[in-house]
Amino acid sequence: MGHYTGRVTEIRLEASKNTEAWIACPAEAIPPAGQYMLAYAPADSDAALGITVFAGESSGQGFWAAPPFPAAWGPGTSLDLHGPLGHGFDLPKNLQRLGLVALGETVSRLMPLVQQAARSNCAMTLFADSPLPSIPSSLEVYPLASLADALDWLDFLALDLPLQHLPELRKVFGLVDEAWLPWPGQALVWTPMPCAGMAQCGVCAVSARRGWKLACEDGPVFDLKALKW
């Protein structure tokens, strides 16, 4: 695990009315898609624990921290960054048709995959009902209700999945009981991870086909077939 120094240099309002923070930092401190950083603001004496931070869009000089993040963070806030932590997305080689699904209020945590797939000229389709940020012209967008009709077209599916929506996946995919998707997929299970794997507190427990898993250590990205839904 690396230790870095970052600084909040800009705050912006994203399309979903959430705020994002630009964190200027070394390239090594930018978490890959699905992984996260543990961020501390040394000047914030009221913050007893670090904050788990996922990257949205990024460049070699930093990244937009996907919401939510503390209201106390403003331009000039210095951060201690630890990570990257957890298991991220692992796209197949020679992927041709990528489906992205955002079940929460933001698509920000999927944007690193959009950047990654765009570099490989992979066809991308996003299924989401949340407001959208500025997106590349190569990304097609459809409402979530269209996902079930597109399953045969995809090669791989990547989800941003708030934990409370896990029991709804069969309905989202239009699958009957015991049916499975015809191709591989992974889900970033988004849930509070207060200890970031340091104490195994169990707050981020995720129901899996083989018992319980911790999002902070075993995830937060899981193979879809490993989860219980």
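The values are calculated or read from the model by the stated rules, or taken from the named source; none is laboratory data. Bear in mind that the values here come from a model prediction, so they are computed numbers and not experimental data. As a convention, Cβ positions derive from the backbone with ideal geometry for all residues, glycine included, and neighbour counts pool all protein chains shown. Note: areas computed on protein heavy atoms with side chains; ligands, DNA, RNA excluded. Shrake-Rupley method; radii C 1.70, N 1.55, O 1.52, S 1.80 Å.
The modelled label-to-label distance for the pair GLU178/TRP153, using points 7 Å beyond Cα in the direction of Cβ, is 3.1 nm.
With the whole protein complex present, HIS3 retains an accessible surface near 120 Å², based on a 1.4 Å probe. ASP177 sits among other residues whose Cβ lies under 15 Å from its own Cβ, and their net charge, with Lys and Arg +1 and Asp and Glu -1, is +2.
Given R₀ = 22 Å, what would the calculated FRET efficiency be for ILE11 paired with GLN115, taking r from the Cβ atoms and rounding to 0.05? Spell out each step's value before the answer.
Details: r = 21 Å, r/R0 = 0.97.
FRET efficiency, ILE11 to GLN115: 0.55.
Comparing PHE54, PHE89, PHE173 in a Gaussian network model of the chain (Cα springs below 10 Å), the most mobile by mean-square fluctuation is PHE173. Straight-line cross-link partners of LYS171 among the aspartates and glutamates, defined as a Cα under 19 Å from its Cα and at least 8 positions apart when in the same chain: GLU105, ASP129, ASP149, ASP152, ASP160, ASP223. The accessible-area ordering, largest first, of the residues TRP153, TRP22, TRP73 stands as TRP153, TRP22, TRP73, per a 1.4 angstrom probe.
Computed extension length for ARG170-GLN96: 24.2 nm, one decimal, from 0.36 nm per residue of separation with the Cα-Cα distance subtracted.
By DSSP, what percent of the beta bridges with both residues in the chain are antiparallel, rounded to the nearest 5? Mind dumping the intermediate values first?
On the way: 34 of 56 bridges.
Here the share of antiparallel DSSP bridges comes out near 60 percent.
Springs between Cα atoms under 10 Å define the GNM used for the chain, and in it the highest mean-square fluctuation of SER146, SER137, SER207 occurs at SER137.
Cα centroids of segment 1-76 and segment 130-169: how far apart, whole angstrom? Cα centres, segment 1-76 to segment 130-169: 25 Å.
Averaged per residue, segment 100-229 has 48 square angstrom of accessible surface, using a 1.4 angstrom probe with ligands and nucleic acids left out.
Charge dipole (Cα centre; +1 on Lys/Arg Cβ, -1 on Asp/Glu Cβ; no other charges) of the chain amounts to roughly 300 debye.
In the context of the full set of protein chains, residues of segment 1-95 present 48 Å² of accessible surface per residue (probe radius 1.4 Å, heavy atoms only). Modelled this way, with points 7 Å down the Cα-to-C-beta line, the labels at ALA24 and ARG209 are 4.8 nm from one another. In the context of the full protein assembly, SER134 retains an accessible surface of approximately 100 Å², using a probe radius of 1.4 Å and ignoring ligands and nucleic acids. Overall, the accessible surface of the chain at a probe of 1.4 angstrom is composed of carbon and sulfur to the extent of 51 percent.
Mind sorting out which of (1) 42, 21, 15; (2) 32, 19, 17; (3) 29, 21, 15 is the real semi-axes √(5λ) of the Cα gyration tensor in Å computed from the coordinates? Identified label for the calculated read-out: (3). For the chain, modelled as a GNM whose springs connect Cα atoms under 10 angstrom apart, the maximal fluctuation among CYS25, CYS201, CYS216 occurs at CYS201.
Dividing the summed -39500 (n - 2.57) terms of all DSSP H runs of n ≥ 4 by the residue count of the chain sets its mean residue ellipticity at 222 nm at -2000 deg cm²/dmol. Sequentially through segment 118-125, phi angles give Karplus couplings (6.51, -1.76, 1.60; θ = phi - 60°) of 4, 5, 9, 6, 7, 6, 10, 9 Hz, Gly and Pro residues having no value and appearing as x. Ranking GLU105, GLU10, GLU217 from most to least accessible surface, computed with a 1.4 Å probe over the protein chains only, gives GLU105, GLU10, GLU217.
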